[in-house]
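What follows draws every value from the coordinates through simple rules; no lab data is involved. Bear in mind the structure is a predicted one, so any value in this text is a computation, not a measurement. Every residue, glycine as well, gets a Cβ built from its backbone with ideal geometry; the counts of neighbours run over all protein chains shown.
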């Protein structure tokens, strides 16, 4: 089975947006429970692509990963403490910044702004990195296996 991050990158190169790629791969690889309406999630995630359409700031792959973290670990009841999901979200951002130095689409794409082909390749790598970090956090937090025989 293909690695989760490879699947997300493959979906991106096939035409899914950055945010959609992360969410769809998470669904296909079982990170997001199959009982969740994936069509609805894809519709929600589509607005985050290209930094919400403007290539200004929040990277769509980061937004897709954060959306997935919310689906997996988010509060089910608004009376529950929100601090745990906030810690998980912050951990993702920290790791992503360690890998890519920013979560802002404009910054991540800056040196490729005049070359759309290279920009797309760069974004495929960003999708892959965001998915890999997402996978690591899900494995660490939930105890899901990460071996070759697992969902990843």
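Worth a mention:
- Model label sites at residue 44 and residue 115, defined 7 Å from Cα along the beta-carbon direction, differ in position by 3.7 nm.
- Result for the chain in a Gaussian network model with C-alpha springs under 10 Å: among 132, 47, 142, the largest mean-square fluctuation is at 142.
- What the Cα convex hull of region 22-72 gives, in volume per residue, is 55 Å³.
- In the chain, the longest principal axis of the Cα atoms and the axis of helix 116-142 are about 20 degrees apart.
- Length-normalised contact order for the chain - Cα pairs under 8 Å, 6+ apart - percent: 32 percent
- For the chain, the longest principal axis of the alpha carbon atoms and the long axis of helix 18-28 meet at an angle near 40°.
- Nearest-ten-degree value, helix 4-13 long axis tilted from longest Cα axis of the chain: 40 degrees
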